[in-house]
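See structure below.
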Amino acid sequence: MIQPKVIALILTYNDSMLASRCIKSVKSSNYKHLIIYLIDNKSEPNYIDEIRGQFPDLNIISTEKNIGYSGAFNFAMRKLYREYPDVDYFWLLNNDLEVHSDCLQIMINKIHLNREIGFAGPETFKRDDSGKHDQWVTMRGTANNPGHIVLRNEYEYLDGDPPPQQFWLC
């Protein structure tokens, strides 16, 4: 089994409930070489205190001001790459996601031996187990049409043909 070093980065802003659900799901990952960090994008102090109360051993990086989605991830990756020069991958997560325990291992197995892949992301589905997509896997997005679903269900490309080429991920 392939096990390169991965740092999970969970971005949050003023929402301890969603962040807690995400943290719990990432902590339940069966992936062994995983380090988890929460990026606080300048939340009010009580939100972070709630999270620290639930997860006292959680690594937290706080920004000095809210620097947006990309800014916060870039800030954390620059800082952590200096601290962990041997890190192989960063796993970027919004705080409203919950992941299956094998999600990261499946992605690593698909991408680690294929150096043509520079960025990967799983499909996301609504929490009601309806099989409906929550975000779109996107091809040729524009401002008026952010994209369309190119997969019929969550199992379509797990073990079958390679997925169609994507131009960007949500």
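Selection of the stretch 58-99 for residues being over 20 Å from LEU11 (Cβ atoms) and either open to solvent by less than 80 Å² (accessible area, probe 1.4 Å) or touching a helix residue (DSSP H, G or I) at 6+ places or on another chain (Cβ under 9 Å) (or both) yields only ASP88.
Pairs meeting the criteria (first residue in the stretch 36-53 and closer than 15 Å to MET17 by Cβ, second residue open to solvent by 80 Å² or more (accessible area, probe 1.4 Å) and not β-branched (Val, Ile, Thr), beta carbons under 7 Å, at least 6 apart or on different chains) are SER43/TYR13. Pairing residues of the stretch 87-113 that are on the phi < 0 side of the Ramachandran plot with residues that are β-branched (Val, Ile, Thr) and assigned to a loop (DSSP other than H, G, I, E, B), at Cβ distances under 7 Å and at least 6 apart in sequence or on separate chains, gives LEU97/THR124; ILE108/ILE2; ASN109/ILE2; ILE111/ILE117; HIS112/ILE2.
Among residues of the stretch 9-33 that are over 20 Å from PHE73 (Cβ atoms) and in contact (Cβ under 8 Å) with a residue 60 or more places away in the chain, those with a beta-carbon under 9 Å from a residue that is open to solvent by less than 10 Å² (accessible area, probe 1.4 Å) and among the aliphatic types (A, V, I, L, M) at least six positions away or on a different chain give the pairs ASN30/LEU104.
The values are calculated or read from the model by the stated rules, or taken from the named source; none is laboratory data. What you are looking at is a predicted structure, and each value in this text was computed from that prediction instead of being measured. Cβ atoms come from the backbone with ideal geometry, glycine included; neighbour counts cover every protein chain shown. The protein model used for the area step is the full one, side chains on, heavy atoms only, and it has no ligands, DNA or RNA in it. Shrake-Rupley method; radii C 1.70, N 1.55, O 1.52, S 1.80 Å.
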